[in-house]
Structure formats: structure tokens, C-alpha cells
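Everything below concerns the one structure shown next.
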Amino acid sequence: MKIVSITKTVHDWLFSIMPEGAASIVEMVLIAVAYLAFFAVAGLYLVLLERRVAAWFQLRLGPNRVGPQGIFQTMADALKLVSKELTGTIKADNFLYNLAPYFVIVSSLMALAVFPFTQEFQAFDINIGIFFLIAISSIGVIGILLGGWSSNNKYALIGAMRSGVQTISYELSVGLSLLTMVLLTGTLQLSEIVEVQKNGWLIVQGHIPAIIAFMIYMIAGTAETNRAPFDLVEAESELGAGFHTEYSGMKFAYFFLAEFINMFIIAAIATTIFFGAWLSPFGITDSIPWLGVFWFLGKTLLLVFLMMWFRWTFPRLRVDQLLTLEWKYLLPINLVNIVIMAILVWLNLTIKF
Amino acid sequence: MEKIIFYILAFIIVAFAIASVSSRKMLRSVIYLLFVLVGIAGIYFLIDYNFLAAIQLTVYAGGIIVLIIFSVLLVHHIEMELEIAKPIKQIVTALLCLIGLGVFLYTIYNHPFQPVENYTTTTVNEIGKGLLSYEKGGFVLPFEVISVLLLAAMVGAIVIAKGTKLFDKK
């Protein structure tokens, strides 16, 4: 209730003191700033979370000196990165070299805009929600390819090539597994997908095929974000730092932040599609709508934790294993799964409360 | 408001289209082309045709441009520059472009456009029903023909990629 009334008050206030055109522009800018702030804060704290989780998995302490439990550690790191020199290579293609980080960061920012954080808190409720997400996520890889090529560095080029192969292959699985769930919802709009889940989260409604789709989605999603065990793109023992070997300072930080935000996005899509977005389990807090934000972020962070768990548990795949996994296992399973789901919906075998 | 956004988008599209054909570095012109395609997607968003905009982004920006970049990555070194064409070629191309532009502008200015009132955005539901309907105005035949074409292309790609055997195992 409170969040809703705050946005409404700001909206009314803006339109009362300004002409309509100016007010709507100011409103757009405010929303953009809010999302940028969220982007930065979430990115930094996901980095901290990752380091603490990694330390926990490896029986270490992790960063715990800067502030209580190390909560200012990544802020300090970011400040340090801002103050660093931006090095470049003379023989690089400077225009593309400087452009590449923005591709990655803009595409992940655009994807953030469509998530329904609560019933009322959604910047852009487009009627093709999921499809828009898939479309946007396919652009981010261009930034990686460009960064790798324009650095004029062998390792960066190899890293970029691997990233291209990996992303193009695994995009198929992400798309198809989401399509499996669209069969259940009958709509692509994210707010309507959440409406459908008021009769039970989709992973319960679709039971067996939905769980298979979720597993495929998580595997393919991890691969999309270039995280271990699929991190051949930046395999440090083989390629230096992969596609961002030549980047330093804030430009490197853009790639780094975008990687973590992409992980958040993958988890947020899974939350929205499979786990009912801001809906509380069994509707226990339905009377307090603004608690939806906590449910949404809680579920998302749980899935982020799952992805970190993958990272610190599995060894890195070889490139042929990576492609075999996608083309010989995930894709056929996925196609059969769609047919099973279609039959399920057709015969009305879904579970609804 | 919409007018301003339209002009900004149109300027971006035209400027990057010219940059794309005049750049002498191959990957740069691919990126300019990407901006042109994204600008067109922006115009689709502007007229509230979200589905086509997303298709534009997935197929052109995410698919074709990535493939082009990938092939440039494989064959092109960073220090290489494209040659400048001979003057005769330049003149002929310019003339052909002008003729094309003339035909295009003539048709646009002679076509009686009618403003649509009460426009509602096309939903995915309508598009899906339109694609699979076999009644009047349905698109099931082209849809099936295109899927056969895609299958043929896929078989062809596999045959080419497999190549011929270099020697018999006997």
C-alpha cells in the first residue's frame, strides 16, 4: 500500500506543478534514475554475496573487514575502480572498444524494466513481456563479441568466439523452456502470467513437465550468463581474463556488474515464470500487497544462491562437452517436453487450487 | 512528443545507414547497421506494434547481426580496411540509388494514406489465430510453406556442413 501511494503521490505532484509534457519527461527520468540506482546497488551487493557464499563453500571467512560483515567492501572496490586509469591499446579499434561495455550494460538494464516487483511496481508492462526479455537478452552477446575482437588480443578474441558459440546455442533452450510455460499461461504479458499463478504457481500447476522445464531453464540460464561451470569464455587458466583481458578500471567494472545483474535477471525470470513472482506462498500475506517486493526479491535471491552453488560445485566443461550437452541432450528433451506439456494442457491434467 | 521521438529515430536511422555504407572498417559498418535495425525496432515500438519490434530485435539484431559479426571475426583482421571503389562504380551506384529513392518517394507521396482512428495494439493472440486460420484472411498456407522452406534450408545446411568423405574406410 505504502509504495503504491508513494508513486501515486509523486505522479500527482509532478503533474500539478508542471505542464503535461515536461511532467511526463521528468517522470521518465525519475524512473530511469531509480532503476539505475537499483542496478548499481544490486550489482555491488550480488558481488559481495558471491564472495561470501564462495568463502562459505570453501570454509574461509571471506571479506568481513570493511563495515559490519564487510557490507562496504564492494562499495570500496567500486570507488577504487572509478579512480583507476582507463588503459587502452594503441592498435585496438578504439570506437568499438569503448562502445562494447555499454551494449552489455544497456541490454541488462532494459531487461530489468519489465519485471513485476509488486502488483503496482512495474516500469513497463508490455504485452509481449517474455518475448521482449528473450529479444533483449540476445543483444548482450554483441557487446562481448565486440569487446573481444576490438581489443586486438588473441585471448580476448578466443574468449569472444567461445561466448558467441555458447550464447547462440543456449539461447534456444532458454526460449523453448519458457515457451513450455507459456503453453500453461496462454499469454506473454508478465502481469497476466502472475494473475494466472493465483491458482497455484506454475511449477505446481504444470508439475512434471514444468519441473523439467525449470531444470533446463536453470542450466541454460547459467550458461547464458557465462558463469561456471560454463565459464570457458573467461577461463582464467587458459585465456587470461577472456574477452575483457584488455579492459581496466570502470570499463572492466561494467562487464563485471553486468554479469552479476544478468544472473539476477535470469533468476528473476525464473521467479516470475515458475514461482509466482510477488505472490506469497498460499497467499499468507495477500492482505498486505507491498510485501510482494520481499517475496519477489526473496525468491530471486534464493535462485541466485542456487546459481552460486552451481559455480562452486561443478568443474568447468570443455567446449565439446558444452555443445554436446546443449544440442544432444537439452534441446531434444526440451522439444519432447513441449509436446508433453501441450498434451497436459489439452487433457486438462494441470493441478489448480 | 511522438513527433520529436520519430524525428530523432529517423535521424539515427538515416545517419547510421550512411555511416554503414561509407565506413571502411568492416566490423564498424556492421555495428552501424545494427543501430539502423535497432532504430527501426524503435519505430515499431513507437507505433505500438510491440510484437514486430521484438521480432526485429531477435531476428535482426540478435540473430543476423551476431552471425555477421561472427563471420567477420573469423575472416577479418583488425588492421584491414576495405578498398575504395573505382569512380565509375561509385557513379553508377549513386545513380542506381537515386533511381531507387525516386521510385520510393514517388510511391509514398502518391499513396493516399488514411489515419487510423481508435488504434489498439495487435496482441499475440490475434497474430497466432491469424497464422493458423484457414478461413478467409488466414495465413495457414504461407505459414506451412515457409516451414517446409526452413526444413529444406536446414537439411541443406546439414549436408553442406557434413561434407564428403575424404577416403573410404574399406
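Brief remarks follow.
- Label point distance in nm, B:TYR7-A:ALA23, each placed 7 Å from Cα along Cα→Cβ: 2.5 nm
- Computed Kirkwood radius, in angstrom, where 1/r is averaged over Cα pairs of region A:123-185: 13.3 Å
- Semi-axis lengths (Å, descending) of the ellipsoid that matches the C-alpha gyration tensor of region B:37-103: 30, 23, 8
- For region A:1-83, convex hull of alpha carbons as volume per residue, Å³: 140 Å³
- Using R0 = 22 Å, the C-beta based FRET efficiency linking A:GLU238 and A:TRP56 works out to 0.20.
- Calculated FRET value between B:ALA157 and A:VAL106, using beta carbons and R₀ = 30 Å, to 0.05: 0.40
- Site pair B:ILE91 and B:ILE47 shows an inter-label distance of 3.9 nm when each label is modelled 7 Å from Cα along Cα→Cβ.
- The magnitude of the dipole of the protein assembly as shown, with charges of +1 and -1 set on the Cβ of Lys/Arg and Asp/Glu and taken from the Cα centre, is near 1300 debye.
- The mean number of Cβ atoms from other chains found within 10 Å of a Cβ in peptide A:128-135 is 5, as a whole number.
- Here is what passes the span test in chain A: the DSSP H helices with alpha carbon length of 15 Å or more along the helix axis and a Kyte-Doolittle mean of -0.5 or above are A:2-17, A:20-57, A:73-83, A:94-112, A:140-150, A:154-185, A:207-224, A:249-274, A:292-313, A:331-346.
- With the largest listed first and rounded to whole Å, the semi-axes of the equivalent ellipsoid of chain A from the Cα gyration tensor are 32, 28, 20.
- FRET efficiency estimate (nearest 0.05) - Cβ-Cβ, A:PHE353 to A:ALA123, R0 35 angstrom: 0.70
- Semi-axes of the equivalent ellipsoid of chain B are 34, 30, 17 Å, computed as sqrt(5λ) over the eigenvalues of the C-alpha gyration tensor in descending order.
- Placing unit charges on the Cβ atoms only, positive for Lys and Arg and negative for Asp and Glu, gives chain B a dipole magnitude near 740 debye about its Cα centre.
Just so you know, all these numbers are worked out from the coordinates, no wet-lab data involved. Because the structure is a prediction, the values reported are computed rather than measured. Every residue, glycine as well, gets a Cβ built from its backbone with ideal geometry; the counts of neighbours run over all protein chains shown.
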